[in-house]
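The values are calculated or read from the model by the stated rules, or taken from the named source; none is laboratory data. Remember, predicted model here, so these are calculated numbers, not experimental data. Cβ: placed from backbone, ideal geometry, glycine included. Neighbour counts: every protein chain shown. What goes into the accessible areas is simple: the full protein's heavy atoms, side chains included, and nothing from ligands, DNA or RNA. Shrake-Rupley method; radii C 1.70, N 1.55, O 1.52, S 1.80 Å.
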Amino acid sequence: MKTANIGLLGFGNVGGGTYKILTDNKKLIENRIGVSPKIVKILQRNRNKKRLVDANPNLLTEDPDDIINNPDIDIVVEMLGGIEPATSFMLQSMKHKKHVVSANKAAIAANYELLMSTAKENNVEFLFEASVAGGIPVLTAMTNALEANNFVEIMGILNGTTNYILTKMTEEGLPYEEVLKDAQAKGFAEADPTADVEGIDAANKLSILMALAFNKYVAPSDIPTTGISKITSEDIKAASEQNKKIKLIGSASVKNGKFDYSVKPVLLDASHPLAGVSNEFNAVYITGDMVGELMFYGKGAGPLPTGSAVCGDILSIMKKYK
Ligand code: HSE
């Protein structure tokens, strides 16, 4: 059986989830794909941090060159988070003719065009399903099964932390600050939760969705963005009294030739499909000119849901080995 040699850049939540899936489901993957996934090296920057899983210590390195410049590695999986050094590591890997899989929405949204063109120039795959809505396979659906459609509108609950906060404020009447602390403790929130609560994380994901759906790249900083930090218990109560729910929605649409996009809190009728999406769950509601309306729902964060999307991309590259 052929082997795919894989290097992991990062061994935090997503790296740990990816390692666990490739290890626990190795036999299943081999049976399905006919190629064996082999983790060759793992970049772990902080050895003292508590880990989801313990990796074989012989695989660990603190030197990114052991992965980026390693002639034995064919697939580099970037799960570091943050724009740099992640973007440089991905570009260097591509230039060394390695396929790249990434979960890093901030780096991809910031450098989308450069990453896509570098992958093309070097004739390598660049896949990033896990970067938008965690375990929900929305990018793969848009670029495969839905590819014959003109996309008319995309609306998404793209950030688990803010959806969790709004849900708890609505259903349990809890104050914003208290629920934010709870979301941080549960591990949904970014290292700096400002990116979550001010809508920046959702804008990164919307930028990637728009680039794929409308073939139009808009930098996250150019997406009009309002977060939820100013939503009060009174706002939530007033919405409930009108049988509505406040949700942080990333949306983009092309209507009558006009391209509109934003991230902002929206008052949804309780009957809207996105109004029923609670806690840390994400959902993406897509309208295509031929398929009509579709909704994708699932876990938008967490080691195993996000790792599942990362592994889907790895397997899709491995399928070409045969
Ligand atoms: N902080 C992000 C969220 C993690 O809450 O959705 C997943 O991208």
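Whole number in Å², please: accessible area per residue of the stretch 240-322, 1.4 Å probe, ligands, DNA and RNA not counted.
47 Å²
Which aspartates and glutamates, on any chain, are close to K50 with Cα under 18 Å apart, when same-chain ones fewer than 8 places away are left out?
E62, E190
Pop out the Kirkwood hydrodynamic radius of the stretch 43-161 from its pairwise C-alpha distances, inverse of mean 1/r, in Å to one decimal.
15.9 Å
What is the Cα convex hull volume of the stretch 1-77 when expressed per residue in Å³?
Spread over its residues, the Cα hull of the stretch 1-77 gives 83 Å³ apiece.
Where both partners of a DSSP beta bridge lie in the chain, what percent of those bridges are antiparallel, to the nearest 5?
Within the chain, antiparallel bridges account for around 60 percent of the total.
Need the list of lysines near K237 for cross-linking: C-alpha distance under 18 angstrom, and skip anything on the same chain fewer than eight residues off.
Within the straight-line cut-off, K237 pairs with K168, K245, K247.
Over the Cα atoms of the stretch 72-115, each weighted equally, I'd like the Debye log10 I(q)/I(0) at q = 0.18, 0.21, 0.24, 0.29 Å⁻¹, rounded to two decimals.
Here log10 of I(q) over I(0) equals -0.43, -0.58, -0.75, -1.06.
Using a 1.4 Å probe on the protein heavy atoms, what percent of the accessible area of the stretch 143-299 belongs to carbon and sulfur?
C and S atoms contribute 49 percent here.
Rounded to the nearest 10 Å², what accessible area does L91 show when all protein chains are kept and the probe is 1.4 Å?
20 Å²
Straight-line reach from K97: which lysines have Cα under 21 Å away, leaving out those fewer than 8 places along the same chain?
Qualifying lysines at Cα under 21 Å: K2, K38, K41, K120, K319, K320, K322.
Given H placed 1.01 Å from N in the peptide plane, which residues other than close sequence neighbours of A301 have an amide H under 5 Å from its amide H?
So A301 has HN proximity to G135.
How much of the accessible area of the stretch 30-107, probe 1.4 Å, is carbon plus sulfur, in whole percent?
Carbon plus sulfur share of accessible area: 45 percent.
Taking K and R as +1 and D and E as -1, what net charge do the other residues with C-beta under 13 Å from the C-beta of S88 add up to?
-2
Would you give the gap between the C-alpha center of the stretch 301-321 and the C-alpha center of the stretch 14-38, rounded to a whole Å?
Cα centroid to Cα centroid, the span is 9 Å.
Defining a contact as two alpha carbons under 8 Å apart and six or more residues distant in sequence, what relative contact order in percent does the stretch 143-299 show?
34 percent
How big is the chain on each of its three principal axes, counting only the C-alpha atoms and giving the largest first in Å?
61, 46, 35
Please identify, among P175, P193, P305, the residue showing maximal mean-square fluctuation in a Gaussian network model of the chain using a 10 angstrom Cα cutoff.
Largest GNM mean-square fluctuation: P175.
Between K320 and N56, what is the label-to-label distance in nm when each label sits 7 Å out along the Cα-to-Cβ direction?
Between K320 and N56, the label points sit 2.7 nm apart.
Using a ≥ b ≥ c from the Cα gyration tensor of the stretch 84-227 (square roots of the eigenvalues), is it rounded, prolate or oblate, where a/c under 1.5 gives rounded and otherwise the larger of a/b and b/c decides, a/b for prolate?
prolate
Could you give each residue of the stretch 71-80 its phi-based ³J(HN,Hα) in whole Hz, using Karplus coefficients 6.51, -1.76, 1.60 with θ = phi - 60°, and x for Gly or Pro?
Couplings: x, 7, 9, 9, 10, 9, 10, 9, 9, 7 Hz.
If DNA, RNA and ligands are ignored and the probe is 1.4 Å, what is the ranking of K168, K186 by accessible area, most exposed first?
K186, K168
With each label point set 7 Å from Cα along the Cα-Cβ vector, what nm distance links S271 and K230?
3.2 nm
Report E153's accessible area, 1.4 Å probe, all protein chains in place, as a number in Å² to the nearest 10.
The accessible area comes out at roughly 40 Å².
Accessible area of V152, 1.4 Å probe, to the nearest 10 Å²?
Its accessible surface works out to 40 Å², give or take rounding.
Using a Gaussian network model of the chain whose springs link C-alpha atoms within less than 10 Å, name the residue from E172, E125, E84 with the highest mean-square fluctuation.
Maximum fluctuation in the GNM of the chain, among the listed residues, is at E172.
Going by Cα centres, the stretch 97-165 and the stretch 197-225 are how many Å apart?
Here the two parts' Cα centres lie 11 Å apart.
Excluding ligands, DNA and RNA, what is the solvent-accessible area per residue of the stretch 92-222 at a probe of 1.4 Å, expressed in Å²?
Per residue, the stretch 92-222 has an accessible area of 39 Å².
Report the charge-dipole magnitude of the chain in Debye, nearest 20, computed about the Cα centre from +1 at each Lys and Arg Cβ and -1 at each Asp and Glu Cβ.
Magnitude of the dipole: close to 900 debye.
Any idea what the relative contact order of the chain is, in percent, if you count C-alpha pairs under 8 Å spaced at least 6 apart?
22 percent
Which residue, L127, L139, L174, has the most motion in a Gaussian network model of the chain that connects Cα atoms within less than 10 Å?
For the chain, modelled as a Gaussian network with Cα springs under 10 Å, the answer is L174.
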